[in-house]
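The values are calculated or read from the model by the stated rules, or taken from the named source; none is laboratory data. What you see is a predicted model, and the numbers here were worked out from it, not measured in a lab. Cβ sites come from the backbone with ideal geometry, for glycine too, and all protein chains shown count toward neighbours. The protein model used for the area step is the full one, side chains on, heavy atoms only, and it has no ligands, DNA or RNA in it. Shrake-Rupley method; radii C 1.70, N 1.55, O 1.52, S 1.80 Å.
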Amino acid sequence: MDHVLGYCVSNDVTMRDYQNKSHQWLQGKIWDNTTPLGPYIVTPAEADITKAGISTTLNGEVVQKSDLSHLIFSIPTLIATISEFTTLEPGDVILTGTPSGVGYRRDPQLFLKDGDTITVTVEGVGSITNTVTAEAT
């Protein structure tokens, strides 16, 4: 944990149409302008995130809600594992995942559309709100 500068909120958006073009998920996660971070960094001394609440609100409706005690892997484990296959540098960001309630796993499925407003909140860290904008064709 000595390597962790701090925590911020991210909206880990996935481009599902590209994610499903193969068995690999990476191409659905690395689009320009699709993973907003912020609006600021909170140091580990400022926030105990071990059980912090996390939620996603879509157009005013809570669609995901959990707490960070449910992370599959601890932050030290994530850092150690990622360090096995790539060099982590100051300023690198590690996203830890999202709670249950992902739209494509719902019944009926729920996909983002142009004009939707999404807020992701992590207790003690902050919130980030973004509006979905359809890609110009």
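Remark: pairs (first residue in segment 1-19, closer than 14 Å to residue 68 by Cβ; second residue among the charged types (D, E, K, R) and at pLDDT 85 or above; Cβ separation under 9 Å; 6+ apart in sequence or on different chains) = 7/46.
Looking across 93, 62, 9, one residue alone is assigned to a loop (DSSP other than H, G, I, E, B), under 24 Å from residue 118 (Cβ atoms) and modelled with pLDDT of 90 or more. It is 93. Among the residues of segment 60-94, those that are exposed (fewer than 12 other Cβ atoms within 10 Å of the Cβ) and either within 22 Å of residue 129 (Cβ to Cβ) or of a type in the set (S, T, N, Q) (or both) comprise 60, 61, 69, 77, 81, 83, 86, 87, 93. Pull up segment 96-123, narrow it to residues that are modelled with pLDDT of 90 or more and in contact with a Ser or Thr (Cβ under 8 Å, 6 or more places away or on another chain), then point me to the one that is most open to solvent (accessible area, probe 1.4 Å). Per the stated criteria, the residue is 114.
I'd like to verify a number: residues in segment 33-49 that are on the phi < 0 side of the Ramachandran plot, without any contact (Cβ under 8 Å) to a residue 40 or more places away in the chain, open to solvent by 80 Å² or more (accessible area, probe 1.4 Å) and under 16 Å from the mean Cα position of the chain (by Cα), how many? Number of matching residues: 1. Of all residues in segment 114-137, those that are on the phi > 0 side of the Ramachandran plot and touching a residue at least 24 places away in the same chain (Cβ under 8 Å) have Cβ atoms under 8 Å from Cβ atoms of residues that are open to solvent by less than 30 Å² (accessible area, probe 1.4 Å) and outside any strand (DSSP E or B), 6 or more apart or on another chain, in 124/47; 124/49; 124/52.
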